[in-house]
Each structure stands twice: as C-alpha cells, then as structure tokens.
1. Using the structure shown, decide if residue 211 is on the phi < 0 side of the Ramachandran plot and over 16 Å from the mean Cα position of the chain (by Cα).
2. Sort through 98, 151, 156, 65 and tell me the only one that's modelled with pLDDT of 95 or more and closer than 26 Å to residue 39 by Cβ.
3. Residues of the range 73-87 being touching a strand residue (DSSP E or B) at 6+ places or on another chain (Cβ under 6 Å) and in a loop (DSSP other than H, G, I, E, B), which ones?
4. Could you grab me the full set of residues in the range 88-104 that are in contact (Cβ under 8 Å) with a residue 24 or more places away in the chain and either over 20 Å from residue 204 (Cβ atoms) or assigned to a loop (DSSP other than H, G, I, E, B) (or both)?
5. Which residues, taken from the range 222-243, are touching a strand residue (DSSP E or B) at 6+ places or on another chain (Cβ under 8 Å) and surrounded by fewer than 16 Cβ atoms within 10 Å (Cβ to Cβ)?
6. Would you tally the residues in the range 9-27 being surrounded by fewer than 24 Cβ atoms within 10 Å (Cβ to Cβ), assigned to a helix (DSSP H, G or I) and either on the phi < 0 side of the Ramachandran plot or at pLDDT below 95 (or both)?
7. Go through (1) in contact with a helix residue (DSSP H, G or I) (Cβ under 8 Å, 6 or more places away or on another chain); (2) farther than 23 Å from residue 149 by Cβ; (3) not in a helix (DSSP H, G or I) for residue 37 and report which single condition fails.
8. Go through the range 176-214 and give me each residue that's within 21 Å of residue 129 (Cβ to Cβ) and assigned to a loop (DSSP other than H, G, I, E, B).
C-alpha cells in the first residue's frame, strides 16, 4: 500500500497576529493556526514567550506592529480578541470606561491602520465581539459598549478595506474557556444543549480566515448555542422570573 500523502496545512507559512492570545479563546486560536502551519504573533499583558504589553497604549501597539513586520514582513490574518475591562455604571470610573474602549475598540482600529499597507493577498481581519453587542445584563456597561463598538467597527473597516482585506466579527455567547462540561439548566437553556468552549469560536475564526470564506465580509456571526434566539416570557414554556 502506498504511503498516505501528508495532509496539506491550511495556513502553511501564513502570518497570523492575535491579541489576547495567551489564554482562553485567543490561545485556542493560536494553537489551531499553529497546527495548520501558520507563523503566529501574539500580544498579551500576561507574561510569557510572546510580546508582552498593554493594548491600551499607543506606543505598545506601534512597537508590536514594528516587531511583527520586522520578523515576518507582512500580515495575512489579524484576530482582535483581547478582552476589555468588565465593569458597570455603579463602579466603573471615567478612566476605566475609557480604558475598556481603548482595549476593545481603539486597539483593533489602530492595528488595522498600522498593518493597512502590509496585508498580504487574501488577508482577513476577524474581530471577537460578544452576544452582549445585542443584549445586556445590569452592570456591564464598559464591556458591552466595547463589544458593540467592535461589531460596528467591523463593517466600517470592511467598507474601507474592500477589495484588499475581508473583515468579519464573531459574537460568542457563553464560552467556558476551561472546557468544563455543564449539565442541567445551564446546558439545556441553550438550543444546542450545552455551554460553548473555545474551539467553537476558533473553528469559525479559521474558517473566516480561509479561502473558503472568500465571499464573506462585513458580517457578524453569533455563536451562542441559540441563546439570543430564545424568546423568554415569565410563565411561558417553563420560564419563571424569581424576584
């Protein structure tokens, strides 16, 4: 029997940049891209063998972009994943709210600007928003505003970079980054019957970055097990509001 031909890696030697790539969804994306042959550049505040820095700082973004281009020369995929500060109106200060927007909206914009003339053919930007860009809980203003901002930034960038870079966003719902398996109401309240995990998002990131998604741009894709499609009224279909 002939030896099996080695599988062709989807992102062989493609240059991928991931913000907030030290853990959770970002780390899962980085590992998936690496398995597909990509050269991955990560920036995160957490100490480690990647570029360590604060995404809210303009100089940090410029130094990071310069290092990526010095090492790799261009960028094929930019994944804006870093998590903004989560605080609500009762406790969030002016400075904290501004910081959340700097990490969640300004940094993705500025990295796209810094790489604008250095994106390779067929390049893609994938922004990680949240299902909170369309629904809310109390005391979530800083995070929710940032996620709404990056969702809107997505279609604006898609228009400005049309013909050069495809730009899409993903809005995750409940994603347990430890891959914990939930049972009972936590799971069954989802149409999909379970809580999500980072691979649910990483798989879509890789798809959107691939040639298979070549006709998709300016789009937001919600991956939440159906939760945002769940119509809830007190005393209907077993739902009860407990005050």
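The values are calculated or read from the model by the stated rules, or taken from the named source; none is laboratory data. Nothing here was measured: the structure is a model prediction, and the numbers come from that model. Cβ: placed from backbone, ideal geometry, glycine included. Neighbour counts: every protein chain shown.
1. Details: on the phi < 0 side of the Ramachandran plot: yes; over 16 Å from the mean Cα position of the chain (by Cα): yes.
Judged against the criteria, residue 211 is a match.
2. Values: 98 fails: closer than 26 Å to residue 39 by Cβ; 151 fails: closer than 26 Å to residue 39 by Cβ; 156 fails: closer than 26 Å to residue 39 by Cβ.
Result: 65 is the single residue among 98, 151, 156, 65 that is modelled with pLDDT of 95 or more and closer than 26 Å to residue 39 by Cβ.
3. Listed by number, the residues that qualify are 74, 81, 82.
4. 88, 89, 90, 91, 92, 96, 97, 99, 100, 101, 102, 103
5. Step one: filter the range 222-243 for residues touching a strand residue (DSSP E or B) at 6+ places or on another chain (Cβ under 8 Å), giving 222-225, 228.
The one that is touching a strand residue (DSSP E or B) at 6+ places or on another chain (Cβ under 8 Å) and surrounded by fewer than 16 Cβ atoms within 10 Å (Cβ to Cβ): 228.
6. Final tally of qualifying residues: 1.
7. So residue 37 meets the others, but not (1).
8. The first filter runs over the range 176-214 and keeps only residues within 21 Å of residue 129 (Cβ to Cβ), leaving 176-177, 190-192, 195-210, 213.
Within the range 176-214, 176, 177, 190, 191, 192, 195, 197, 210 qualify.
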